[in-house]
Amino acid sequence: MKPILIIGGGGFAKEIVWLAQDCDRDVIGVLDDNPETHGSLVQGIEVLGAVDEWTKYDAEIVIAIGNPRVRAIVAEKLEQQGKPLFATLIHPSVRYSKTVTFEAGCMVCAGTILTTDISVGKHVILNLNVTVGHETCISDFVTVAPMAAISGNVKLECYAEVGTGASIRQGVDIGRGAMLGMGGVLTKNIPNFTIFAGNPAKKLKELPEV
Ligand SMILES: CC(C)(COP(=O)(O)OP(=O)(O)OC[C@H]1O[C@@H](n2cnc3c(N)ncnc32)[C@H](O)[C@@H]1OP(=O)(O)O)[C@@H](O)C(=O)NCCC(=O)NCCS
């Protein structure tokens, strides 16, 4: 199996080094566009250079950037520059049934549980101890923070974000680029590019469309 190259040298990258190592993968390095980070260590792994340098390495890539839109921009750029091979990292403690599918580039952290008939799109992050119920659809570039509880038949559209410890009622949709704040209790759909928060979650603000 090819080693792992991590894009992004922030705090989340430290956790992804650990995830990759727990998945029994070698991590050869980190790439980050901030020149001040070059030569420094991320969880013991060297920042080798700028993101454009990925083509030098025979490795599988994960983009360890929590912001969904930034992650998508980086993925798009890599695809314009060559043929990146994206790794899917699923921690050995994660539990999921045979009817759960994951696309390339997903990062699924320790303790997460996905039940049945669930699709997880490209470059999705499911952080620590997330639960996902039956027939839920998680689209590309979604980020779910630790301890979120996602019920059955939920749809998370592209670039949606779910904050730490949030709960989502069954059958509810979170729109494209929309967000549920930490601790939010979501009982109805969130429109595209809108932040909801609170219990019950209500509109907090609108976001620029992308
Ligand atoms: C919802 C969120 C995006 C809002 O951030 P923001 O746009 O910067 O908003 P602000 O911090 O300026 O807060 C605006 C108001 O909303 C309130 N608020 C912020 N987040 C809230 C939340 N999660 N639930 C309830 N109220 C919240 C603030 O107290 C503030 O209220 P006030 O106007 O009465 O003072 C952010 O607070 C949040 O929850 N982010 C997710 C964090 C997370 O889960 N990180 C995961 C790391 S792994």
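The values are calculated or read from the model by the stated rules, or taken from the named source; none is laboratory data. This one's a predicted model, so the numbers in the text were calculated from it and none came from an experiment. When we count neighbours, we look across all protein chains shown, and the Cβ atoms used for this are built from the backbone with ideal geometry, even at glycine.
Okay, here's what the table says:
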quantity: Selection count where residues are of a type in the set (D, E, K, R) and under 15 Å from ALA20 (Cβ atoms), scope the range 32-48; calculated: 1
quantity: In the range 124-145, the residues that are within 11 Å of the ligand (Cβ to nearest atom) and among the polar types (S, T, N, Q); calculated: ASN127, THR143
quantity: Residue list for the range 10-39, filter: under 15 Å from the mean Cα position of the chain (by Cα) and either in a loop (DSSP other than H, G, I, E, B) or among the polar types (S, T, N, Q) (or both); calculated: GLY10
quantity: For LEU19: the one exception among (1) more than 16 Å from the ligand (Cβ to nearest atom); (2) over 19 Å from GLY82 (Cβ atoms); (3) not charged (D, E, K, R); calculated: (1)
quantity: Subset of the range 146-171 that is within 17 Å of MET182 (Cβ to Cβ) and touching a residue at least 60 places away in the same chain (Cβ under 8 Å) - its residue that is farthest from the ligand (Cβ to nearest atom); calculated: ALA160
quantity: Filter pass, ASP26 being touching a residue at least 12 places away in the same chain (Cβ under 8 Å), closer than 19 Å to HIS91 by Cα and loosely packed, with under 14 Cβ neighbours inside 10 Å; calculated: yes
quantity: Hits in the range 172-195 - residues which are near the ligand (Cβ under 8 Å from one of its atoms) and either touching a residue at least 60 places away in the same chain (Cβ under 8 Å) or more than 15 Å from THR143 (Cβ to Cβ) (or both); calculated: GLY183
quantity: From the options ILE6, ILE61, ILE73, residue that is in a helix (DSSP H, G or I), within 27 Å of ILE138 (Cβ to Cβ) and out of contact with any Lys or Arg (no Cβ under 6 Å at 6 or more places or on another chain); calculated: ILE73
quantity: Matching residues, the range 1-52, being farther than 21 Å from ASN127 by Cα and either basic (Lys, Arg) or at pLDDT below 95 (or both); calculated: MET1, LYS2
quantity: Selection within the range 153-180 - in contact with a Gly (Cβ under 8 Å, 6 or more places away or on another chain) and farther than 20 Å from ILE65 by Cβ; calculated: ASN153, VAL154, GLY165, ALA166, SER167, GLN170, GLY171
quantity: Residue match in the range 73-90 (condition: within 16 Å of the ligand (Cβ to nearest atom), within 30 Å of GLU135 (Cβ to Cβ) and not assigned by TED's automatic domain parsing to the domain that holds PRO146); calculated: no
quantity: Subset of the range 163-185 (residues that are closer than 17 Å to GLU135 by Cβ and either hydroxyl-bearing (Ser, Thr, Tyr) or assigned to a strand (DSSP E or B) (or both)); calculated: ILE168, ASP173, ILE174
